[in-house]
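> I am attaching a structure below and will ask some questions about it afterwards.
The values are calculated or read from the model by the stated rules, or taken from the named source; none is laboratory data. What you are looking at is a predicted structure, and each value in this text was computed from that prediction instead of being measured. So basically every Cβ, Gly included, is an ideal-geometry build from the backbone, and we count neighbours across all protein chains shown. What goes into the accessible areas is simple: the full protein's heavy atoms, side chains included, and nothing from ligands, DNA or RNA. Shrake-Rupley method; radii C 1.70, N 1.55, O 1.52, S 1.80 Å.
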Amino acid sequence: MKIIEVDSYEKMSALAADVIAAQVITKPHAVLGFATGSTPIGTYVALAKKCREDGLDFSDITTFNLDEYCALEISHPQSYYAFMWENLFSHINIKKENVHLPNGMAADIDKECENYEKMIEEAGGVDLQLLGIGHNGHIGFNEPGDSFISATHRVDLTQRTIEANCRFFENDLNKVPKQAITMGIGTIMKAKNILMLIRGEDKLEAMKAMLAKEVHPSCQASVLQYHPNVTVIYTAN
Ligand code: GLP
């Protein structure tokens, strides 16, 4: 893994936007994997600026998001669908039909997971996957456990994740969805390139576990050690 440490969130965001822009420029039909959370917001702002001011062209780009809550309407402001449109998609010239997030409201969640996996494959796989990391080392919503789950699947969120996300749901634990659909570890590992953003000293423990000698499902991100092309950008601020 290539690890780049920068001294500000602004630099992290600018650098990450440059990496994504390079992918868009060199492969206009690229498939991008996007992530939610507070960490990539600056990157999305920078990408929107590149589109608006420099003509960075997303018109042939296809995207797949890592995850989505179950049983939360997409019109809910905290759905990942709403997050992505608010923070990125509304500000770039991407075609709506080229944007994909798992449908957490699907009547048959297992079928939805299967379809999502198939759609990624049919699109040719993800060229560049953006990732954040949870305090417990989760990537997407692949929570710590006894194994790595390969394909897109439904997941029960851990108490730690529910508590971490509580701030987005009026600090009311009852309002936080308890399940989500997430790309699996295999889905993520199939991406040709991975760009992970880590912000804050509170994530150092997770980063350490990710880089520890032993690859173990108790830190799902540690599996990235087996990926040939991972770049991590870290900033303490
Ligand atoms: C959520 C998302 C993850 C993200 C994580 C960290 O749990 N499912 O994909 O990496 O949050 O979010 P933040 O960047 O806000 O710390």
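> Going through Q129, Q225 one at a time, which residue ends up being outside any loop (DSSP other than H, G, I, E, B), in contact with a helix residue (DSSP H, G or I) (Cβ under 8 Å, 6 or more places away or on another chain) and closer than 20 Å to N103 by Cα?
Unique residue meeting the criteria: Q129.
> Please go through the range 107-126 and pick out each residue that is in a loop (DSSP other than H, G, I, E, B) and free of Cβ contacts under 8 Å to residues at least 60 places away in the same chain.
Passing the criteria: A107, D108.
> Is the range 29-43 home to any residue that is at pLDDT 95 or above, within 16 Å of the ligand (Cβ to nearest atom) and over 30 Å from I109 (Cα atoms)?
Yes, that holds for at least one residue.
> Do you know which residues across the range 49-103 are within 16 Å of the ligand (Cβ to nearest atom) and in a strand (DSSP E or B)?
T63, F64, N65, D67, E68, Y69, H100
So that you can scan it fast, the table gives a plain yes or no per residue for (1) open to solvent by 40 Å² or more (accessible area, probe 1.4 Å); (2) closer than 30 Å to E121 by Cβ; (3) more than 12 Å from the ligand (Cβ to nearest atom):
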site: E163; (1), (2), (3): yes, no, no
site: K178; (1), (2), (3): yes, yes, yes
site: K192; (1), (2), (3): yes, yes, yes
site: H227; (1), (2), (3): no, yes, yes
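> Mind counting the residues in the range 137-155 that are over 15 Å from the mean Cα position of the chain (by Cα) and in contact (Cβ under 8 Å) with a residue 60 or more places away in the chain?
6
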